[in-house]
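Asker: One structure is given below, represented as structure tokens, and several questions about it will come after.
A short reminder: the numbers here are calculations on the coordinates, not readings from a lab. All of these numbers come straight from a predicted model, not from anything done at the bench. Positions of Cβ are backbone-derived with ideal geometry, glycine not excepted, and every protein chain shown enters the neighbour counts.
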Amino acid sequence: MRGKPAPKRLIQPDPKYRNAVIAKFINYVMRDGKKTTAQNVVFGAFEIIAERTKEDPLDVFDKAMKNVQPTVEVKSKRVGGANYQIPIQVRGERRIALGFRWVIAAADAKKGRPMAEKLAAELISAANNEGDAVKKKMDVHRMADANRAFAHFAR
């Protein structure tokens, strides 16, 4: 790797909830640089969550993210002409990134409703430990568990 790694940028908190994690999530939802549209989608989803669950949407969001973020994943490594799937711990930042990505992908996969509704439904189901994003996490954990025998190949 040449040069030095790029410095981490400080993300400004979102305008409505004053929360940096929500701002980061909005950035993940954003497409083609349309931040206002992404904010409307996320804030709309939070309003729907508050309406349906009668709870604070930030609490539901935090609970959903905790349920979706993986603790272990598999990484492919070539050892002696064979590729092994080696289970490794997931760094904090990558956990957050994967959780965001899986929730958004699960909401995107559903058809026929506005994105705010789909995102709200996925966050509510993730908070209840169900839904496609949580299923994805379970699949990753299952894969890591199945390949536990190759853990000694990790550095």
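Asker: Could you please rank 10, 58, placing first whichever residue has the fewest other Cβ atoms within 10 Å of its Cβ? Present the calculation step by step, with values, prior to reporting the outcome.
Answerer: Working: 10 6, 58 15.
Ascending Cβ contact count within 10 Å gives the list 10, 58.
Asker: For residue 110, which aspartates and glutamates qualify as cross-link partners when the Cα separation must be under 12 Å and same-chain residues fewer than eight apart are set aside?
Answerer: Here the aspartates and glutamates satisfying the reach criterion relative to residue 110 are 122, 132.
Asker: Take the Cα coordinates of the chain, assign each an equal point scatterer, and use the Debye formula without solvent to give log10 I(q)/I(0) at q = 0.19 Å⁻¹.
Answerer: For the requested q values the scattering log ratios are -1.14.
Asker: Within 15 Å, Cβ to Cβ, of residue 8, how many net charges do the neighbouring residues add up to if Lys/Arg are +1 and Asp/Glu are -1?
Answerer: +4
Asker: Helix by helix through the chain, keep the DSSP H runs that span 15 Å or more along the axis on Cα and average at least -0.5 on Kyte-Doolittle, and give those back in order.
Answerer: Helices meeting the span and hydropathy rule in the chain are 35-53, 57-68, 92-109, 115-127.
Asker: Please list, ordered by chain and number, the residues whose modelled amide H lies under 5 Å from the amide H of residue 75; skip anything fewer than 5 residues away on the same chain.
Answerer: 86, 88
Asker: Just want the answer: with Cβ charges of +1 for Lys and Arg and -1 for Asp and Glu, which residue in 141, 68, 125 is farthest toward the dipole's positive end in the chain?
Answerer: 141
Asker: Sticking with this one: Return a whole-number percent for the relative contact order of the chain, with Cα pairs under 8 Å and 6 or more residues apart as the contact set.
Answerer: Value for the chain: 25 percent.
Asker: Straight-line reach from residue 77: which lysines fall under 23 Å, measuring Cα to Cα and dropping same-chain residues less than 8 apart?
Answerer: 136, 137
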